[in-house]
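Taken together, the values in this text are just the output of simple stated rules run on the coordinates, not laboratory data. All of these numbers come straight from a predicted model, not from anything done at the bench. Quick reminder, even Gly has a Cβ in these numbers, built from the backbone with ideal geometry, and neighbours come from all protein chains shown.
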Amino acid sequence: MNKALRLTACLALALQAGAPAALACEPEAMNEQLAELCRVPLEELSTMLSAVKQPPEATAALRSRLEDARNACRDGEFEVGALSFVRLARDIGRLEARTLAALGPAISPVGSAR
């Protein structure tokens, strides 16, 4: 969205709702909130990745991609961070599934109890 359109939208919102709404349109405050929304899920992925029982070399590429996603969030590239989150979550899930599959038949999938 271009700057003039953003300012127009903020001004219209401020005129309709008063001063509190005008504060919500401050670019710095919005960027801080977006950065937080981008950062928190990535921290959860970091926790998930730490819980996967694989040697460090098996998770090195995922850790590198996680760091790239954190940098994207920090640098204001929120779309890149969000897309990276989705891809990383999928890949961590696959790695976890391979870990469980390696344990053999002692672990049965949910709902397949006999």
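A few notes on this one:
- A Förster radius of 25 Å, combined with the Cβ-Cβ distance separating A97 from A60, puts the computed FRET efficiency at roughly 0.85.
- Global geometry of the range 29-104, whether rounded, prolate or oblate, following the gyration tensor of its Cα atoms and the 1.5 cut on a/c: prolate
- Rounded to whole Hz, the Karplus (6.51, -1.76, 1.60) HN-Hα couplings of the range 81-93, x for glycine and proline: x, 5, 5, 4, 4, 4, 5, 5, 4, 4, 5, 5, x
- The order of F85, F78, going from fewest to most other C-beta atoms within 10 Å of their C-beta, is F78, F85.
- Relative contact order [Cα under 8 Å, 6+ residues apart], the range 29-104, whole percent: 39 percent
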